[in-house]
């Protein structure tokens, strides 16, 4: 399509393509929920789960709700003895669930109540791949190249961290952090891949189906 001499880009997708995109995310969510149900059964074998509450942007999708109900509601998940009578509910205004929670938590803290999130930890490290001026003490075993322009030696595929994983329970800030474990990919392209190893927190009895599934 052309408008005012400029080409306006368009994206066309059929229903099957959109469903495939949704199904990939839903399948990942189902794997996570199955894992949580098994954990609850293993740690609280005598208890049953009555409700699963869907919240977040993705949880407001009728298709997502349909898939979750088919999978888990009222005995559909026959492999989970602790969820045979579980009902799948949808939060009021699920797209605003996170915003409402943050406002309520802050309001409670300002009134002197307990903080909902008293401690925060950065689960992974974030940084950019760069080159550093070669330092024999720091860059032992690193790939070193001499720049043809300035004739200086540079250590390639280094990482400049701007957020590092926190191992200890303390508040997360943008200051110095505890050491993290990360591995830089072996690719020689400008953008290297970084595999950061962080810890995952699990919620056993609720699912926040936001825009990103992990």
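The values are calculated or read from the model by the stated rules, or taken from the named source; none is laboratory data. Being a predicted model, the structure only gives us computed values, none of them experimental. A quick note on method: Cβ atoms are made from the backbone with ideal geometry, for glycine too, and the neighbour counts reach across all protein chains shown.
Return yes when residue 101 is at pLDDT below 90, closer than 30 Å to residue 47 by Cβ and either over 23 Å from the mean Cα position of the chain (by Cα) or surrounded by 15 or more Cβ atoms within 10 Å (Cβ to Cβ) (or both) and no when it is not. Walk me through how you get there before you give the answer.
Details: at pLDDT below 90: yes; closer than 30 Å to residue 47 by Cβ: yes; either over 23 Å from the mean Cα position of the chain (by Cα) or surrounded by 15 or more Cβ atoms within 10 Å (Cβ to Cβ) (or both): no.
When the stated conditions are applied, residue 101 does not pass them.
Just wondering, is there one or more residues in segment 166-181 that are modelled with pLDDT of 65 or more and within 30 Å of residue 53 (Cβ to Cβ)?
Checked against the condition, which is being modelled with pLDDT of 65 or more and within 30 Å of residue 53 (Cβ to Cβ), segment 166-181 yields at least one hit.
Return yes or no: is residue 96 surrounded by 13 or more Cβ atoms within 10 Å (Cβ to Cβ), part of a helix (DSSP H, G or I) and without any contact (Cβ under 8 Å) to a residue 12 or more places away in the chain? So that I can check it myself, show each step before the final result.
Values: surrounded by 13 or more Cβ atoms within 10 Å (Cβ to Cβ): yes; part of a helix (DSSP H, G or I): yes; without any contact (Cβ under 8 Å) to a residue 12 or more places away in the chain: yes.
So residue 96 passes the test.
Looking at 75, 113, can you tell me which residue is at pLDDT below 90, at positive phi and touching a helix residue (DSSP H, G or I) at 6+ places or on another chain (Cβ under 9 Å)?
Details: 113 fails: at positive phi.
Residue meeting the stated conditions: 75.
With respect to residue 128, is the statement that it is under 30 Å from residue 75 (Cβ atoms), touching a strand residue (DSSP E or B) at 6+ places or on another chain (Cβ under 8 Å), assigned to a strand (DSSP E or B) and modelled with pLDDT of 85 or more true? Full working, then the answer.
Numbers: under 30 Å from residue 75 (Cβ atoms): no; touching a strand residue (DSSP E or B) at 6+ places or on another chain (Cβ under 8 Å): yes; assigned to a strand (DSSP E or B): yes; modelled with pLDDT of 85 or more: yes.
So residue 128 does not fit the description; no.
Among the residues of segment 33-60, which ones are closer than 18 Å to residue 86 by Cα and surrounded by 15 or more Cβ atoms within 10 Å (Cβ to Cβ)?
If the condition is that a residue be closer than 18 Å to residue 86 by Cα and surrounded by 15 or more Cβ atoms within 10 Å (Cβ to Cβ), then 33, 34, 36, 37, 40, 41, 49, 52, 53, 54, 55, 59 are the ones that fit.
Residues being surrounded by 14 or more Cβ atoms within 10 Å (Cβ to Cβ) and either under 22 Å from the mean Cα position of the chain (by Cα) or outside any helix (DSSP H, G or I) (or both): count how many of those fall in segment 61-75.
At the first step, the residues of segment 61-75 found to be surrounded by 14 or more Cβ atoms within 10 Å (Cβ to Cβ) are 61, 64-65, 67-69, 71-73.
Pick out the ones that are also either under 22 Å from the mean Cα position of the chain (by Cα) or outside any helix (DSSP H, G or I) (or both) and you get 61, 64-65, 67-68.
Matching residues across segment 61-75 total 5.
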